[in-house]
Amino acid sequence: MASTIRCDIVSAEAEIFHGEAELVVATGELGELGIAPKHAPLITRLKPGKVVVTLPGGEKLDFAISGGILEVQPQVVTVLADTAVRAQDIDEAAVLAAKAEAERVLAQKDPKMSAQEAEAQLAMSLVQLQALERLRKSMKH
């Protein structure tokens, strides 16, 4: 049996995932991090991007996060995300609408939303669309 580490992915709204993993890959500020069992303790910030959890047996779960913190302890890796969503739970139409709204606000300097809010919304929309694309590719194989 392969060695595993417990993985918890938590957003401000709810616990998104709790279980054993062979590997956790997340998008850190300086690039992608791969966390395997027996990884050295670590705390780092995460930027908007993906978190991919490889379960025992090889199945991969894909999550899109808006940023947050990754903490690695000897027996557990924890992702504390502002917003996190499983790839299969993403509503593509809503994401495309949010992306279009953010782009419109940035182009027109709309007072209803600050530029910082629009940039964050645009980043999360792009991350979610990338997660959907990865999900579609994995389903073709």
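Details
- Residue under evaluation Thr78, criteria (1) surrounded by 13 or more Cβ atoms within 10 Å (Cβ to Cβ); (2) modelled with pLDDT under 95, criterion not met: (2)
- Answer from Ala98, Ala107, Ala102 - the residue that is out of contact with any Ser or Thr (no Cβ under 9 Å at 6 or more places or on another chain) and more than 21 Å from Glu20 (Cα to Cα): Ala107
- Out of Gln128, Gln121, sole residue that is of a type outside the set (A, V, I, L, M, F, W, C), in a helix (DSSP H, G or I) and closer than 20 Å to Phe17 by Cβ: Gln128
- The C-beta contact set for region 62-86 (first residue assigned by TED's automatic domain parsing to the domain that holds Val52, second residue of a type in the set (Val, Ile, Thr) and in a loop (DSSP other than H, G, I, E, B), distance under 7 angstrom, 6+ apart or interchain) comprises Ala64/Ile90; Ile65/Thr83; Ser66/Thr83.
- Where strands (runs of 3 or more DSSP E) fall entirely within region 1-85, those with at least 1 residues that are in contact with a helix residue (DSSP H, G or I) (Cβ under 9 Å, 6 or more places away or on another chain) and not hydrophobic (A, V, I, L, M, F, W, C) are at 23-28, 42-54, 60-65.
- Residue-level check: of (1) over 19 Å from Asp8 (Cβ atoms); (2) free of Cβ contacts under 8 Å to residues at least 12 places away in the same chain; (3) of a type outside the set (Ser, Thr, Tyr), Gln121 misses just (2).
- Test: residue in region 60-71 that is farther than 20 Å from Ile5 by Cα and among the hydrophobic types (A, V, I, L, M, F, W, C): yes
- Each residue in region 106-118 was checked for being part of a helix (DSSP H, G or I) and over 22 Å from Gly49 (Cβ atoms), and 2 of them qualify.
Yes or no, residue by residue, for (1) closer than 25 Å to Ser138 by Cβ; (2) among the aliphatic types (A, V, I, L, M); (3) in contact with a Pro (Cβ under 7 Å, 6 or more places away or on another chain):
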| residue | (1), (2), (3) |
| --- | --- |
| Val51 | yes, yes, no |
| Pro56 | yes, no, no |
| Glu71 | no, no, no |
| Val76 | no, yes, no |
| Ala84 | yes, yes, no |
| Asp89 | yes, no, no |
| Lys99 | yes, no, no |
| Val105 | no, yes, no |
| Pro111 | no, no, no |
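- Members of region 1-52 that are closer than 22 Å to Ile90 by Cβ, touching a residue at least 24 places away in the same chain (Cβ under 8 Å) and loosely packed, with under 12 Cβ neighbours inside 10 Å: Ala12, Glu13
- In region 94-105, the condition of being modelled with pLDDT of 90 or more and surrounded by fewer than 12 Cβ atoms within 10 Å (Cβ to Cβ) is met by no residue.
The values are calculated or read from the model by the stated rules, or taken from the named source; none is laboratory data. Fair warning: this is a prediction, and the values are worked out from it, not measured in the lab. Please note: Cβ atoms are built from the backbone with ideal geometry, for glycine as well, and neighbour counts cover all protein chains shown.
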